[in-house]
Amino acid sequence: MASLDFLGSDAELRAGAERAMREAEAGPGPDGYTGRDRTGTVTVHAGAPEGTVDSVTVRQDWRARLGAGGFPDALFEAYTAVVRATLEAAALRALREEHEPRPAPQEPDAPDSREADEHLWLRRTWETLHRIDADLARLSQTASPEAEGRIVSPNGSLTLHLRGGTIAAVTGDAGLLARSDAGQLQYEALTVLRTYELAHHPRKAQA
């Protein structure tokens, strides 16, 4: 996935957007999006194009890599990464739609029309990227135990803390996590994330 981190001047914006679209079109169509924590221990996969979480993978040696107390943060990091990937993909789709060739003007020489199209494209592209930045900023916010809502996994080992309908943090019961193997953690993590999607994004979760 090409990075959308190319905010700058209008010229830099256009060059970066066109480069990102070329890179996206050069590769095969995605069968989904993947996010991992920085250690590569936890992987969250979401299907395309809706971005619905469909699997969570945890390495067998997760305790040695993370420790019981580090698993919730790793899950949140991997989830945030996959959400970022889906947001970038949605932004690229919007940019491609805006970038599609328009019918040529009827007049043989219409510089004003071409200039208006250019300004409209730049304005919409800026709006799209700033909206994505705002979404990602919300993802990076930390939650306190008094966050707006909570969703607990079936065994009680993981808790999602919500703010504004968004997962703001993941915490866990260190004792229960320490007694869980990788398969149990995968089940707990996938179930709690899917429960969140059904409650807050039912259309996406049922796609």
request  = Quick one: in segment 170-187, of everything that is open to solvent by 50 Å² or more (accessible area, probe 1.4 Å) and not small (Gly, Ala, Ser), which residue is nearest to Asp73 (Cα to Cα)?
outcome  = Thr171
key: Those residues of segment 68-88 which are in contact with a helix residue (DSSP H, G or I) (Cβ under 8 Å, 6 or more places away or on another chain) and either at pLDDT below 95 or among the hydroxyl-bearing types (Ser, Thr, Tyr) (or both), in sequence order   = Ala68, Gly69, Tyr79, Thr80, Val83, Arg84, Leu87, Glu88
task = Select from segment 67-81 the residues that are of a type in the set (Gly, Ala, Ser), in contact (Cβ under 8 Å) with a residue 40 or more places away in the chain and open to solvent by less than 30 Å² (accessible area, probe 1.4 Å) and list them in ascending order.
result = Ala68, Ala78
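The values are calculated or read from the model by the stated rules, or taken from the named source; none is laboratory data. Here the structure is a predicted model, which is why all the values come from computation and not from measurement. Ideal geometry is used to build each Cβ from the backbone, glycine not excepted, and the neighbour counts take in all protein chains shown. Surface areas here come from the heavy atoms of the whole protein model, side chains and all, with no ligands, DNA or RNA. Shrake-Rupley method; radii C 1.70, N 1.55, O 1.52, S 1.80 Å.
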